[in-house]
1. Nothing charged except the Cβ atoms of Lys and Arg (+1) and of Asp and Glu (-1): what's the magnitude of the dipole of the chain about its Cα centre? Round to the nearest 20 debye.
2. Solvent-accessible area per residue for segment 1-91 at a 1.4 Å probe radius, Å²?
3. Among 47, 26, 91, pick out the residue whose Cα is farthest towards the positive end of the charge dipole of the chain, where Lys and Arg carry +1 and Asp and Glu carry -1 on C-beta, about the Cα centre.
4. How far apart, in nm, are the 7 Å Cα→Cβ label points at residue 40 and residue 74?
5. Provide the FRET efficiency to the nearest 0.05 for the residue 31-residue 85 pair, computing r from the beta carbons and using R0 = 30 Å.
6. If Lys and Arg each add +1 and Asp and Glu each add -1, what is the summed charge of the other residues whose beta carbon sits under 15 Å from the beta carbon of residue 87?
7. What lysines could a cross-link reach from residue 43, if we take a straight Cα to Cα line under 26 Å and drop same-chain neighbours fewer than 8 places away?
8. On a C-alpha basis, how far is the centre of segment 58-108 from the centre of segment 1-40 in Å? Whole number, if you could?
Amino acid sequence: EVQFVESGGGMVQPGGSLRLSCAASGFTFSSYDMMWVRQAPGKGPEWVSIINNGGGSTYYADSVKGRFTISRDNVKNTLYLQMNSLKPEDTALYYCARAQYDYWGQGTQVTVSS
C-alpha cells in the first residue's frame with residue numbers, strides 16, 4: 001500500500017523557517033519523481049516543487065523560488081522541503097505526492113502569521 005506521512009508543519013512568524021518531511025512507504029521510492037503540493041482552504045491545489053528520482057534535478061513554482069528547497073533521501077525513503085523566508089501567503093496544507101499525482105499524503109499544516 002502506497003503511503004505518505006508528512007510532518008514538520010506548524011505555526012511560524014513571517015520570515016521564519018520550517019522543514020517539512022514526507023515519509024514514504026509501499027513502493028520503490030527511488031524510482032519515482034516526487035513533488036510537494038499545497039492547498040489553502042477554499043483554494044485548489046497549487047504545485048510547489050518537484051524533484052526527480054535521483055535527486056539531481058529540481059524545479060520550483062515562481063511563488064517559492066529562491067526561498068524553498070526540495071530534497072530527498074532515497075535510503076530513508078523521505079522527501080523534504082526546506083522553507084525559508086516564509087510569507088503569510090505560504091499558509092496552506094502541504095502534502096507530498098508522486099509526480100504522476102496518483103498517490104498523495106494527508107498533508108501537514110503550515111501557518112504563517114504574526
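1. 220 debye
2. Accessible area per residue, segment 1-91: 51 Å².
3. The one lying farthest along the dipole's positive direction is 91.
4. Rounded to a tenth, the inter-label distance reads 3.6 nm.
5. With R0 = 30 Å, the Cβ-Cβ based efficiency is 0.35.
6. -1
7. Reachable lysines: 65, 87.
8. Cα centroid of segment 58-108 versus Cα centroid of segment 1-40: 6 Å apart.
The values are calculated or read from the model by the stated rules, or taken from the named source; none is laboratory data. Keep in mind that what you see is a predicted model, and the values were worked out from it rather than measured. No Cβ is skipped: glycine too gets one built from the backbone with ideal geometry, and neighbour counts run over all protein chains shown. Just so you know, the surface numbers come from the protein's heavy atoms only, side chains and all, with ligands and any DNA or RNA stripped out. Shrake-Rupley method; radii C 1.70, N 1.55, O 1.52, S 1.80 Å.
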